1. From the list Gln48, Gln29, Gln53, Gln101, which residue is surrounded by fewer than 16 Cβ atoms within 10 Å (Cβ to Cβ) and either among the hydrophobic types (A, V, I, L, M, F, W, C) or assigned to a loop (DSSP other than H, G, I, E, B) (or both)?
2. I'm trying to understand the selection: among the residues of segment 160-174, which are surrounded by 19 or more Cβ atoms within 10 Å (Cβ to Cβ) and either farther than 21 Å from Asn223 by Cβ or not hydroxyl-bearing (Ser, Thr, Tyr) (or both)?
3. Give just the number: which of (1) more than 16 Å from the ligand (Cβ to nearest atom); (2) touching a strand residue (DSSP E or B) at 6+ places or on another chain (Cβ under 7 Å); (3) more than 23 Å from Ser183 (Cβ to Cβ) does Glu114 not satisfy?
4. Which of the numbered conditions does Thr148 fail, given that it passes all the others? Conditions: (1) over 18 Å from His78 (Cα atoms); (2) within 16 Å of the ligand (Cβ to nearest atom); (3) of a type outside the set (A, V, I, L, M, F, W, C).
5. Pull up segment 165-185, narrow it to residues that are over 29 Å from Lys94 (Cα atoms) and in contact with a helix residue (DSSP H, G or I) (Cβ under 7 Å, 6 or more places away or on another chain), then point me to the one that is nearest to the ligand (Cβ to nearest atom).
6. Just to be sure before I move on: is Leu93 touching a residue at least 40 places away in the same chain (Cβ under 8 Å) and either surrounded by 12 or more Cβ atoms within 10 Å (Cβ to Cβ) or assigned to a strand (DSSP E or B) (or both) in the structure I sent?
7. Does segment 6-52 hold any residues that are among the β-branched types (Val, Ile, Thr), under 22 Å from Glu131 (Cβ atoms) and at pLDDT 90 or above, and which are they?
8. Here is a check on your reading of the model: is Tyr127 buried (at least 19 other Cβ atoms within 10 Å of the Cβ), in contact with a helix residue (DSSP H, G or I) (Cβ under 7 Å, 6 or more places away or on another chain) and not β-branched (Val, Ile, Thr)?
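The values are calculated or read from the model by the stated rules, or taken from the named source; none is laboratory data. All of these numbers come straight from a predicted model, not from anything done at the bench. Ideal geometry is used to build each Cβ from the backbone, glycine not excepted, and the neighbour counts take in all protein chains shown.
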Amino acid sequence: MNTNLNVITLENEVDIRLEDGNIKKYRLQELPFEFIDWQLELRKTMFQRIMKQDFIPSFQAHLPVMATLNPNGRFPIHTATKGTGFLPKDEFLKEYIELFQNCLEKNKHKTWKESLPARVEVMQEFYQIREKIDFRRLGFLEIFKGRTYHNILANPSAALQFTGPGPRYTSYQVNGFAQEVNSQNLCYRFIYLARQLFEHDSFHIQQPQYPCGYIFWVCEMYNKSPRGHAGKRVM
Ligand SMILES: Cc1cc2nc3c(=O)[nH]c(=O)nc-3n(C[C@H](O)[C@H](O)[C@H](O)COP(=O)(O)O)c2cc1C
């Protein structure tokens, strides 16, 4: 099946145009509270550690494995780790873009270490006001335009596998569609600036460019934690 993510027609629906021209409609879902609480808690802990200048060996809440389809490959299932984060609702995108831009601008003459509290503060401000976050979608940046990128262009269906730290190993599979966005798109601007706030911190590999980004539209979720609910559909 060769498909194209075509348009978002209604507030809670994503339309996929199939090769034969037919449109398949999928209902969007908001990520459930259990996932949001888990994500926000791990991110809060991470910021506390960043502020203490701890060594950050991994950041599981931010680094799911993305599975895409490569029907022409010898093995059609393809995976890659991709850094992800929440996105604001459309009506708040410009406000946060401005907040992040101003923070970077205001602190550009400070050392990276000196500007850390200001950078963490604006990011935490975003995570703290849940009403302004669009829990129907996640954001990514593409660095390499490799196989994952080409798979998404051919077929935007994708699954994200998140696994948190032990001994709880909270784990979720999120199914949905990845929509490519270029540098003119406000979601791209938001994700790009969020990355710029921490681009030079030691837990990131500094990248020369981000040729595009993705909005990942959420349709289903399964709990994959190795406990009572293993494999159960959450939404
Ligand atoms: C910890 C970690 C974080 C990564 N973050 C990203 C990312 O945010 N964006 C990206 O395009 N690639 C990222 N990568 C690289 C991808 O996993 C993968 O190497 C890249 O997509 C090229 O592989 P592909 O040709 O199969 O797509 C990351 C890899 C690791 C191990």
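1. After applying the criteria, what remains is Gln53.
2. Leu160, Phe162, Gln173, Val174
3. Result: Glu114 passes all but (2).
4. Condition not satisfied by Thr148: (1).
5. Out of the qualifying residues, it is Pro165.
6. In short, yes.
7. Answer for segment 6-52, where residues must be among the β-branched types (Val, Ile, Thr), under 22 Å from Glu131 (Cβ atoms) and at pLDDT 90 or above: just Ile36.
8. no
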